[in-house]
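First up is the structure itself, then whatever we jot down about it.
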Amino acid sequence: MPAAKFEITRQCKVCGETFVAKTIESWYCSPKCSKIAWKRRKDEEQRLQRLDEVVKKIPKSKEYITVSEAYALFGISKETLYRLIRKGTIPSVNAGERQTLLSKEELMKLYPLRKKTLTKPKPIAKLYSLEPKDCYTIGEITEKFLVNESTVYLHIRKYSIPTRQIGNFVYVPKKEIDNLYKGMKR
């Protein structure tokens with residue numbers, strides 16, 4: 001991929017180091033940080049999936065639940081649950097060795113249920129004002145952000161930014177362009 005003719009300074013989302021992004025999509029300073037972020041995302045998805053499986057196995061009529069089931073239902077850490085049991089905030093029953101049961105009703109009074117993970121929500125259709133006062137022309141974008149005209153057109157197509165042509169001028173919403181090129185050195 002050819003190098004860009006402009007500079008975007010960003011802060012790495014993993015290590016916090018400031019770096020010069022080579023492309024608009026660069027969010028991490030190195031491949032190492034990119035792999036770490038990918039691994040964190042995948043681990044979090046797997047953790048939430050395991051919790052959802054545990055919640056599905058719990059019968060609705062069950063009055064007393066185990067600590068691990070309470071963790072899956074309410075999203076409260078096991079350490080916090082055991083601390084609340086020791087303090088006496090949550091009534092519990094010891095049903096044998098390594099089998100502490102908690103009242104589901106008491107927990108529901110104290111804490112809300114854990115929110116279910118959403119499968120990628122549908123993007124909300126954005127409404128744009130394509131009036132010339134609310135837009136940049138392609139020439140204004142190239143002057144303001146020091147980017148080639150061809151690069152601007154490429155980014156407009158790539159990110160599906162709406163345009164409007166009036167005479168010889170092509171207008172693009174200021175809000176989208178400012179958001180796209182934020183952090184660029186001018």
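Could you list all residues from segment 72-92 that are within 25 Å of the chain's Cα centre (by Cα) and not in a loop (DSSP other than H, G, I, E, B)?
Passing the criteria: 72, 73, 74.
Cβ-Cβ below 6 Å, separation at least six or inter-chain, first residue in segment 42-71 and outside any helix (DSSP H, G or I), second surrounded by 13 or more Cβ atoms within 10 Å (Cβ to Cβ): which pairs?
Close Cβ pairs (under 6 Å, with a partner that is surrounded by 13 or more Cβ atoms within 10 Å (Cβ to Cβ)) amount to 58/69; 63/104; 64/101; 65/102; 65/104.
Is it fair to say residue 30 is surrounded by 12 or more Cβ atoms within 10 Å (Cβ to Cβ) and within 25 Å of the chain's Cα centre (by Cα)?
Criteria met by residue 30.
When residue 42 is evaluated against the numbered criteria (1) surrounded by fewer than 15 Cβ atoms within 10 Å (Cβ to Cβ); (2) over 22 Å from the mean Cα position of the chain (by Cα); (3) farther than 26 Å from residue 179 by Cβ, which criterion, by number, is the only one it fails?
(2)
May I ask you to verify whether residue 35 is surrounded by 11 or more Cβ atoms within 10 Å (Cβ to Cβ), without any contact (Cβ under 8 Å) to a residue 60 or more places away in the chain and among the basic types (Lys, Arg)?
Yes, satisfied.
When the residues of segment 86-119 are narrowed to those that are aliphatic (A, V, I, L, M) and in contact with a helix residue (DSSP H, G or I) (Cβ under 8 Å, 6 or more places away or on another chain), which ends up surrounded by the fewest Cβ atoms within 10 Å (Cβ to Cβ)?
113
For residue 25, state whether it is closer than 30 Å to residue 177 by Cα and among the acidic types (Asp, Glu).
Spelling it out, residue 25 is indeed closer than 30 Å to residue 177 by Cα and among the acidic types (Asp, Glu).
Give just the number: which of (1) exposed (fewer than 14 other Cβ atoms within 10 Å of the Cβ); (2) within 25 Å of residue 181 (Cα to Cα); (3) in contact (Cβ under 8 Å) with a residue 40 or more places away in the chain does residue 16 not satisfy?
(3)
Can we say residue 157 is closer than 30 Å to residue 23 by Cβ, loosely packed, with under 12 Cβ neighbours inside 10 Å and not β-branched (Val, Ile, Thr)?
Yes.
Restricting to segment 142-161, what's the tally of residues that are among the aliphatic types (A, V, I, L, M) and in contact (Cβ under 8 Å) with a residue 40 or more places away in the chain?
Going through segment 142-161 one residue at a time, the tally reaches 2.
Look at residue 122 and say whether it is of a type outside the set (A, V, I, L, M, F, W, C), surrounded by 11 or more Cβ atoms within 10 Å (Cβ to Cβ) and under 31 Å from the mean Cα position of the chain (by Cα).
The answer is no for residue 122.
FYI, it's all coordinate maths here, none of it is from the lab. None of the values given here were measured: they were computed from a predicted structure. In this analysis, Cβ positions are derived from the backbone assuming ideal geometry, glycine residues included, and neighbour counts consider all displayed protein chains.
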